[in-house]
Each structure stands twice: as C-alpha cells, then as structure tokens.
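Reviewing the structure listed below.
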Amino acid sequence: TWIIADGPVDAIWIEDLNTVLDDNKILTLANGDRIPMTDNVKMMFEVETLVNASPATVSRAGIIYVSDTDLDWAPVIESWVRRRRDISMQKMLRDLIKKWLGDCSPSDPGPCFSFISRETSEVMSDGRVSKIMRFSQLFQALTDGLFPEKNGSLRDYELMVEKIFLYCLCWSLGALLECDDRKKFDLWLREKDTNAAMPVVESSETIYEYFVNSKTGKWVRWTPPNWDHPSGETLNFSNLLVPTMDSTRASYVIEQIHKQKLHAMIVGAEGTAKTSVQLMFMSKLCPSKMLTKRINFSSATTPAMAQYSIEAELDKRGGKNYGPPNGKKMTIFFDDISMPEVNKWGDQTTLELVRLAIESGGFYFLDKDKRGDFKTCEDLQYLAAMQHPGGGKNDVPNRLKRNFFILNLVLPSITSINDIYGQMLKVKFTSDAFDNPTLENVNKLTNATIKLWKTLKSTMLPTPAKFHYVFNMRDLSRIFHGILLTPNESIIQGGIRQKQGLLKNFSPVNMLIGLWKHECDRVFSDKLTSNEDKMTYEIAAKSIGVDIFGEDIYSTACSEPKFMVSFLRDDVYDEDEILVEVAPKIYEDGGSLDLIRERAYMFLQKFDSHNVSKPMNLVLFEDALKHLLRIVRLIETPRGSGLLVGVGGSGKQSLTRLAAFIARSRCFQITLTKQYNINSLMDDIRELYRSAGHKRQSTTFLFTESEIKDEVFLEIINSILSTGEVPGLFAKDELLAMTTDLRMDFLRDRPDQEETAENLKQYFIDTVRDNLHIIVCMSPMSPKFSARARKFPGLFSSPTIDWFLGWPEDALTSVSKG
C-alpha cells in the first residue's frame, strides 16, 4: 500500500513524520501512543519544492528530481500529435511546430519561447509545458470535425490549419501578454510568416482582434453582438452585462475549453470586467443541464470554508459519490481565487484544497465518523478569476495553474467603453422626450466622463496613505447609474423647486450638465482625502467641462454646486391625520443648501419624536449636511452601499441613522456582548435577509470598526458586498419556503424567465442585494485599516467611499452655538 502525501511541505508536519521515515517506521502521537507501520506500507511525497524541508527529512527519503528542462515541451506536444487520428494532420502539425516553435534543447527552448521570455513581460509566471498543454487543448477544440474534403482543396485546407495554429499560439503561448507586448508578438509572427497566414489588420490592431471562421477559413474581426436593452421603464442597472470586443473574444476561448470539460481562469488588472466576462459566459449555459455557482474568496477564506461552499450545492448520489441536484452538471466560479492568505511557509492551503478538488475530483469527508474517506464530487467544472500578482497581491501555486486554461484580460479600449454607455444613454434620452440641444449634450457625456476618468487615473496615483485611489470601470458605471436613475421630468421640468421658482438659470441642458457634474463629484471627489486633491479634481473637471460642453454652457450650468435629493415631496394625510399616500421618492435638484437644511431639520425633529429615549441633538453645519445627502443618496439607490471613513466622532453613525430615517429604511446595528460570536452575526444577517429579501423592505446595516470582534466578520461582509451570498446561511427547506412566497413578484418582475428553483433563488438574492444597504464606518487612524483593504478587496471596491475630512472652523463655531 502506498500512502501519497501530495502537496507542499512545511517544517512542522514533515518533522512529525521523521520517526515514520526511520527504519523502525513508528508513528508517535501527541498522547504518547506509538503506532507501527507494517512492512507493506510505503510513503511517497509529491512536492514542488523542498524549501521548507529540513536535512533530517531529506536524508530519510530517496529524492527524484524531475527538471522542467530535461524533457521540456517537445515530448508533450509530440505525444499529443501522435494521438491525432488523422495521419495527414499529424504531418502538417509537425511541419507547423518546426516552423513556428522550432526545436527544443536543454539550453534553448526554441525561438518562439525565447522571444516571449526575453522580449516581453508576462503578467504572471507560467511553465512552458502548461502553455503547450493549453495550446493543444484549444487546437483540439477548434479542429474537431475539420476534414480536407469538407474544406475545399488541400492547399486551402493546409492554410486554414495554419491560421488556426496561429490563433491558438496567440491565445496559449501569448495569452498572458498586455497590449504593448501583444503588438511585439504580432510583429514577430509576421516576420516569420512565409505563407500569408497572418490576418491583414489596420494600423493599431493585432492578430488578437481576429479569429478564424471555421466555415470559410478566413480571418474575421471580432465584433461584439448587438446589445438588446431590457424592456420596461427602469433599467435594472446592476444586472446589465453589455458585451464588448474583449468580453466576446474571451468568452469564445472559454467556451472552447469548457465544452471539453476543462477549466478556465481569467487574470486581469482591477476593473477589466473579469467577473462580468465569467458571469456573461455562465448566463449562456443551458440552465436545464448546467447549474452555476459563484464563490468569492478573500484572505480569511479557509480550506474548510472553501470545501463547505462547494459541498453545500451537492446532493448524495450513492455510496460516497455526490453531485449537483437532479443529475445535472454544475460550473463553479471562484472569484478572486488568489486572495486566500499565504502562510508563513509560503503556501496557500485553501488553494491546495481547490487543487485537490479539481485534480482528484473530490476531497475528504470532514464529518467525524467518515473522516479520512474520500468524497467523490461528480459533474463539476471550474472557472476562476484573479488580479495580476505582484504589488501586494498574491500569486497562485504553479500546480494549481496547470489545471486551468489561463488568459489575460486587457483594459477595454476607449471605443468599447464609449459604446457601452452610449448605448445605455440612447435608451433613456430619446428624441420624443428631449429637445435637440439636450440630446447634443447627451452625446458628449460619455466623452467628458471618460476624459475626466483618464485624467484622474494618470494624476491621482495610489500611495500607501491613499491606497484607495484606484479609478476603474466601476466608477464609470456608478456615474452613469446616477444619471440613468434620474427621472426625465427632473431634467426637463426641474422638479418641485423649479415649480416654486427657486432654481437659477434653469434649462434642461443646464440641468443635465449640472447632474453630470454632481454624479462625478459623488463618485470621484467624495473619496479624496484632502482639500488639495479635491481642488485638483475641480480644476480638471472644469477644464474638461469647458473643453467639451463650451465655456458658456458649462459656467452657467455649474456656477453653483448642485445638490440632488429625493426627499422634497410630502406624505398625503386626510383630515383625520391618517396617511393616505406615501411621498414619492423623486431624485431632483434640491436648490440651495439653506433650503435643504430646513427640510433636514424637519426630518430630524420627526426622528427625535419617534425616538424619545435617544434623541439626536445634531447641528447640521454645511459639511454634515453634505455628508447626510451623500448617505441618503446611497441608501435610496438599489444596491447602494457605503464605506464612511473618518476619525471617531466625525458623525458617521448619527448621520447614517438620520439618513436611513429620511430614506424610510430600517436601520439595524448589532448589539455587542461578551458572548457575541460568528454564530450571533449569522443569526443577525439571517434576520436582515428576511427583512430585505422576504419582506422586500429597505434595510440599512450599520457596521462599525468597533464591532469587528473577529476578522471573519469582515469575510462575511465582504462576501455579501461582492456576491450577495453567504455559504450555509439558510437551510435548503427554509430558503425554498421564502423563495416560494416571492413567486408572484418573480412572475411580475421577470416574465421572460422560467419559474425554476434556481431562478427563484437568484431572484431572492437579487432582491436582498437591491434592498440591503451596508454602511461600514472605519477610521483611517486604525493600524489595521490598510491591511483590511488588502485582505478584503470587496470592502473597498464594492461600496462608494465617502471620506470625512476634519471639521472646518465654521462647523466648530456652529456646534458651540448649537
């Protein structure tokens, strides 16, 4: 019997096996028991490195070192060529390998690999054998069912095979290159091209923008499919996925790999839409055959959590075999797979468990009575996404990488971004509703926003103190989300303040540009940490605004800052003071701060009258009022969550409570006791999910730094912000009962979807995400502040950040007079 220890060696457990590896073969346990190992049992260790093994261990075992250069990639691809059934294809492949990859020797891996390693820099390290395996997988998928008699003359057939060979070369050997290096690789391929097999491209393009049409054998440029905007009055912005050229070509490669029952991973910088591409791909899978599940990793994800997340979706099939329910298959998507913590030995134990699940098709039972038995998990396929390693971000183990087909996602081009938001704006701003001058300026909005975004990206660079100065695609979508959620009547007629004659210089054009500036302020300016940075932003916004909209229009539209609010309408009561109609929430211009302050004090008095035991005696000076408006805006937005950063006592919690009251949202805060633990938090979150999902009530969860008794609390908050799901939160029958109650709402809101348990569950999760607003309060002075940002990226990328600066002098005087 062989016992195989497969995984990284750390000095602790390998040291405990020293007596087993001795000649007497005795295992000594901590309680003093000594268990002898019989003669017919042998041990074998399968490890990548022996960095952490002591000489005592190494001297007790025979070492066989398998070098990656002794055999290298040539035998791997030769064995694959020999497995091809078509003899003529074998000859063609050998000729193409000779031409494009060259010969491999221990000192020289061939011209293609040499060029990539010397002239380009890949976004992550990866072995040559893994790349050749990926090449063969992609080539296999694209040439299945390709025969000479189907595809014209032999000459045409050979040329088509060479084109497919080049396409696969780019998306396997050159899959981890960024834009500039892709151009270099394209030029290198063109120099070697003697057969006119490379595509004819325009000046700024490369082979990466093209694919081979399997019917005609010609190169075709990638074009994203037309986006059909969803029917209905309101855009469900959070669920919109608009295909771009990058997402379309990445999805195509993933599809080729997925149909062979293999696994794919996307790497990319922050904001390159890695998650969206994988979700878009998963949305195309047939739900009657293939289920999907998304699991979000963070630095607090342990192997047990990862195993539980997978197990929770599986049903028993017989014996020790488990699989997705109803005999279906399932694709599991690990988002942020590189996040789990690297231990002091340099290993990521969570990812070793993931590797075990992928390679061996299962893992070991953790139940006491079955511990040590292998649990086979059938019909599972895996997708993953991670950020570029380096700069404080982890890599993943090489032995895990080899199980995935890996490709790099580059930032979408400016034209792609313009297309995405341009298409959305066209849906809202139609010629029926708006006049020509307004529509002309609508067309300039995307250009102005992208210009401002690019300027901030290049001037406001992240530093250790300002690590959250990351401007990515999420910020752009938040700006357009704000514009698209504003009702047409607020832009055309100016809302209630215009009817009262309290708005200066009102016109639809001025309103539109003022709204655009307001949304940019909320997204870009609110997260800046100093008045100097805010000033830099104002100067940039003004110069771009004047440049694009013209000086006259911009200066009249933005002469005074706009404050968009949604609490100006009153409830309607009858003569007996009984509520007849609740005030509608209409996002509109609130006029001057003094007018809004009166309204806010009215709400404050109402709040105090409802909470007689705990009144809030607040003085709403200018800064406090502005922060209040920002928090109300977040709570009123579907999926609006906020991260409020400011020193203790700057009013974060009081303003959040008042904002939740104004937005008619139930405000919840956990009550800390000595016994409060992870189970207590889960109970509280269950209650929040029932309130936001089952009762469909707007709920605000106020969570402060002092309530983090355990870092695992943040793991749960991170998971809710990223995916809306917490593994094992509800028992299956309880979840089924709640989703069944939502059936009528589901049929009304999603008439185009089938009424299945999976769709109902997803509808419940989406309802929770729309109605549950998490407001996290943190202090920048906390020593753990920056470490938490690194460990739990969802805490900083998912919510909108509002940075509380020090109180100005007029605030101190107004509070002292209070």
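Annotation for Glu440 and Ala269: the two label points, set 7 Å from Cα along the Cα-Cβ direction, are 3.6 nm apart.
Shown is the FRET efficiency for Glu46 and Glu255, computed with R0 = 41 Å from the Cβ-Cβ distance and rounded to the nearest 0.05: 0.80. With a threshold of 25 Å on the Cα-Cα distance, the over-threshold entries among Lys274/Lys428; Lys428/Lys761; Lys329/Lys732 are Lys274/Lys428; Lys428/Lys761. Given Cα positions, please report Rg to Rh for region 667-798, the hydrodynamic radius being the Kirkwood one. Radius of gyration over Kirkwood radius for region 667-798 works out to 1.01.
The string of couplings for region 498-509 from the Karplus curve (6.51, -1.76, 1.60, θ = phi - 60°) is 5, 5, 7, x, 10, 9, 7, 6, 6, 7, x, 5 Hz, one whole number per residue in order, with x for Gly and Pro. When the Cα positions of Val47, Thr69, Phe139 are compared along the charge dipole of region 6-157, Phe139 comes out farthest toward the positive end, with charges on each C-beta of Lys, Arg, Asp and Glu. With 27 Å as the limit on Cα-Cα distance, the pairs of Lys451/Lys527; Lys284/Lys328; Lys131/Lys791; Lys259/Lys344; Lys426/Lys534 that go past it are Lys131/Lys791; Lys259/Lys344; Lys426/Lys534.
Sketch the reach of a paramagnetic label on Thr19 as a point 7 Å from Cα along Cα-to-Cβ, and name the residues of region 37-61 whose backbone nitrogen lies under 13 Å away. In region 37-61, the label zone of Thr19 (backbone N under 13 Å from the point 7 Å along Cα→Cβ) covers 37.
Modelled spin-label separation between Tyr676 and Asp570, with each label point placed 7 Å from Cα along the Cα-to-Cβ direction: 4.0 nm. Annotation note: chymotrypsin sites (Phe, Trp or Tyr not before Pro) in region 309-367 located in DSSP loop regions with a Cβ neighbour count of at most 10 within 10 Å are absent. Between the residues Asn505, Ile548, Thr529, the greatest Cα displacement towards the positive end of the dipole of region 490-551, with unit charges on the Cβ of Lys, Arg, Asp and Glu, is found for Asn505.
Could you give the accessible area per residue of region 628-752, probe 1.4 Å, as a whole number in Å²?
Heavy-atom SASA per residue in region 628-752 reads 41 Å².
A Cα-only calculation for region 387-458 places Rg and Dmax at 19.6, 60 Å. When the Cα convex hull of region 103-175 is projected onto planes of every orientation, the mean area is 5.7 nm².
Residue by residue, region 803-816 carries 3J(HN,Hα) couplings of 9, 7, 7, x, 5, x, 4, 5, 5, 5, 5, 5, 6, 5 Hz when phi is fed to the Karplus relation 6.51 cos²θ - 1.76 cosθ + 1.60 (θ = phi - 60°); x denotes Gly or Pro.
For region 452-554, how big is the tail of P(r) above 22 Å, as a whole percent of Cα pairs?
That fraction is 38 percent.
Its Cα centre serving as origin, region 1-141 has a Cβ charge dipole (Lys and Arg +1, Asp and Glu -1) of approximately 920 debye.
May I ask you to derive the FRET efficiency for Ser654 and Asp745 from their Cβ-Cβ distance with R0 = 30 Å, giving the value to the nearest 0.05?
0.30
Summary value for region 293-433: 25 percent relative contact order, contacts being C-alpha pairs under 8 angstrom separated by 6+ residues.
Full extension of the chain segment joining Arg221 with Val81 gains 47.5 nm, where the gain is 0.36 nm per residue of separation less the Cα-Cα distance.
Once you sort the root eigenvalues of the Cα gyration tensor of region 587-736 as a ≥ b ≥ c, which label holds: rounded (a/c under 1.5), prolate (a/b larger than b/c) or oblate (the other case)? Verdict is prolate for region 587-736.
Roughly how many Å is it from the Cα centre of region 321-364 to that of region 588-665, as a whole number? Spelled out, the Cα-based centre of one part sits 44 Å from the other. Think of region 574-724 as a dipole: +1 on every Lys or Arg Cβ, -1 on every Asp or Glu Cβ, centred on the Cα centre; then among Cys667, Phe701, Ser654, Phe701 lies furthest on the positive end. Using a 1.4 angstrom probe on heavy atoms only, work out the carbon and sulfur share of the accessible area of region 358-481 in %. Accessible surface attributable to carbon and sulfur in region 358-481 totals 50 percent.
Classify region 488-601 as rounded, prolate or oblate from the Cα gyration tensor: take a ≥ b ≥ c as the square roots of its eigenvalues, call it rounded if a/c is under 1.5, otherwise prolate when a/b beats b/c and oblate if not. Prolate shape, in that a/c is at least 1.5 and a/b is the bigger ratio. Residues whose amide H falls under 5 Å from that of Phe405, counting only those 5 or more places apart or on a different chain, are His263, Ala264, Met265, with hydrogens built in the peptide plane. Considering helices alone, the calculated mean residue ellipticity of the chain at 222 nm is -13500 deg cm²/dmol, with DSSP H runs of length four and up weighted by -39500 (n - 2.57) and normalised per residue.
Accessible area per residue was computed with a 1.4 Å probe on protein heavy atoms; Asp180 scores about 110 Å². Phi-derived couplings, Karplus 6.51 cos²θ - 1.76 cosθ + 1.60 at θ = phi - 60°, listed residue by residue for region 768-777: 4, 5, 5, 9, 9, 10, 9, 10, 9, 10 Hz, with x used for Gly and Pro. Over the chain, all Cα pairs binned in 10 Å intervals from 0 give whole-percent P(r) values of 2, 11, 20, 23, 20, 14, 7, 3, 1, 0, listed from short to long.
A cut-off of 5 Å between modelled amide H atoms, ignoring neighbours fewer than 5 places along the same chain, links Ile295 with Phe333, Phe334, Asp335. Label sites at Leu71 and Ala30, each approximated as a point 7 angstrom past Cα along Cα to Cβ, lie 4.0 nm apart.
Put a plus charge on the Cβ of each Lys and Arg, a minus charge on the Cβ of each Asp and Glu, and nothing anywhere else: the dipole of the chain about its Cα centre is then about 1040 debye.
The values are calculated or read from the model by the stated rules, or taken from the named source; none is laboratory data. Small disclaimer: the values here were computed from a predicted structure and weren't measured. Note that we place each Cβ from the backbone using ideal geometry, even for glycine, and neighbour counts take in every protein chain shown. The accessibility values were calculated without ligands, DNA or RNA, using every heavy atom of the protein model including side chains. Shrake-Rupley method; radii C 1.70, N 1.55, O 1.52, S 1.80 Å.
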